[in-house]
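The values are calculated or read from the model by the stated rules, or taken from the named source; none is laboratory data. Computed from a prediction, not measured in an experiment: that's the story for all the values here. A quick note on method: Cβ atoms are made from the backbone with ideal geometry, for glycine too, and the neighbour counts reach across all protein chains shown. Side chains are part of the model used for accessible areas, which takes the heavy atoms of the whole protein and leaves out ligands, DNA and RNA. Shrake-Rupley method; radii C 1.70, N 1.55, O 1.52, S 1.80 Å.
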Amino acid sequence: MIDETPVLDDHLHLDPDSHRGIDAVRDFARVGGTHLLVVNKPSWHLGVEAETGEDFREVFERTVEIVDESSSELEGRAWPVLGVHPGLVSRLVDDRGFAPEDARDLMRAGIDVAAEYVESGDALALKSGRPHYEVDDDVWDASNAVMRRAFDHGADLECAVQLHTEASEDLTTVAEWAEAAGMPAHRVVKHYAGGRLEGPTPSVMSEKDRLETAAERGEPFLMETDYIDDPDRPGAVLGPKTVPRRVRWLLENGHDTAVRIAHVETPKRVYGIDTEATLERTE
Ligand SMILES: [Zn+2]
């Protein structure tokens, strides 16, 4: 471990079958990583072309399985974050001929199934959002409606909702939608965030400049890699060892408070998880 601190990667993917899978978790643990939030891979990456909400269940089951396996490799543990990738809307509308409203309904149904896993305690949080690229207004509206369904569940289940969105430093409008649904804005997490953000809690991509901004700001934040475990896109995102390495770097540069914020306080505030109590103390 690194100076006895828990080290959480707030957002990464593991391919249960075809790529590195559990080896990526071993790499993470070897350099001091202790806790993981594992987000299911986009359904179509696992060969699932969903036609009903129930079709997402296979994706969720496989994620829950690899999370169980991951936990046994960690001094802390892993939790699943389940949902429907917002990019699915384009796949449905552009490639499969869905009307935007039908895409919306299917994606909402997938979110409803993900919420069942949170309700039963098999998943920690939900994942939703909207495309990070330009889309037609009706596709944008459909995407926002899916995201708001996730907020309804977040309110009911008192769980966090991770979002994939356009790059932005101000998502106060989205945070207001969450509050209108009955969930506190800080339980909305923007994944792939920069170092500063208004509205949701930023899950900061672990590049040095972004982390420095977040650390100096002193506000709640999380750290992630968005490791995608995809053999076709090896350099697309950060590798699984990045968060522990950057934690070490932050500590070397005097950012002890920021490390505590990102790995103890913010996980507790956002997800209600205790990254210290879930560590095996091997003295
Ligand atoms: Zn991701």
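Only residues that are over 14 Å from Pro86 (Cβ atoms) and crowded, with 22+ Cβ neighbours inside 10 Å were counted in the range 172-187, giving 4. Being open to solvent by less than 30 Å² (accessible area, probe 1.4 Å) and out of contact with any Phe, Trp or Tyr (no Cβ under 8 Å at 6 or more places or on another chain) is the filter here; which residues of the range 160-171 pass it? Listed by number, the residues that qualify are Gln162, Leu163, Thr165, Leu171.
I need the full set of residues from the range 28-47 which are under 20 Å from the mean Cα position of the chain (by Cα) and modelled with pLDDT under 95, in order please. Correct list: Lys41, Pro42, Ser43, Trp44, His45, Leu46.
Taking the range 182-203 as the range and being in contact (Cβ under 8 Å) with a residue 60 or more places away in the chain and assigned to a helix (DSSP H, G or I) as the test, the residues that pass are His186, Arg187. Of everything in the range 204-228, what is assigned to a helix (DSSP H, G or I) and either within 14 Å of the ligand (Cβ to nearest atom) or among the hydrophobic types (A, V, I, L, M, F, W, C) (or both)? Give them in sequence order. Residues satisfying the conditions are Leu211, Ala214, Ala215. Only one entry in Thr201, Thr266, Thr165 is within 14 Å of the ligand (Cβ to nearest atom) and in contact with a Leu (Cβ under 8 Å, 6 or more places away or on another chain), namely Thr165. Scoring Pro240 on the criteria (1) surrounded by fewer than 21 Cβ atoms within 10 Å (Cβ to Cβ); (2) within 14 Å of the ligand (Cβ to nearest atom) leaves a single failure, condition (1). Of everything in the range 51-104 that is of a type in the set (Ser, Thr, Tyr) and within 30 Å of Thr5 (Cβ to Cβ), the residue that is nearest to the ligand (Cβ to nearest atom) is Thr63. When Val113, Val93, Val38, Val59 are screened for being among the hydrophobic types (A, V, I, L, M, F, W, C), assigned to a helix (DSSP H, G or I), touching a residue at least 12 places away in the same chain (Cβ under 8 Å) and closer than 16 Å to His164 by Cβ, only Val59 passes.
Of all residues in the range 122-181, those that are of a type outside the set (Asp, Glu), farther than 22 Å from Ile228 by Cα and part of a loop (DSSP other than H, G, I, E, B) total 3. Are any of the residues in the range 207-216 within 23 Å of Val84 (Cα to Cα) and open to solvent by 10 Å² or more (accessible area, probe 1.4 Å)? No - not one qualifying residue is present in the range 207-216.
Restricting attention to the range 6-20 and to residues that are away from the ligand (no atom under 16 Å from the Cβ) and closer than 16 Å to Leu37 by Cβ, the residue that is surrounded by the most Cβ atoms within 10 Å (Cβ to Cβ) turns out to be Val7. Got a number for residues in the range 29-56 being surrounded by fewer than 18 Cβ atoms within 10 Å (Cβ to Cβ), of a type outside the set (Val, Ile, Thr) and closer than 21 Å to Ala103 by Cβ? Residues that pass the stated criteria total 8. Considering each of Arg77, Arg26 in turn, give the residue that is basic (Lys, Arg), within 23 Å of Pro220 (Cβ to Cβ), open to solvent by 10 Å² or more (accessible area, probe 1.4 Å) and in contact (Cβ under 8 Å) with a residue 12 or more places away in the chain. Exactly one residue qualifies, and that residue is Arg77.
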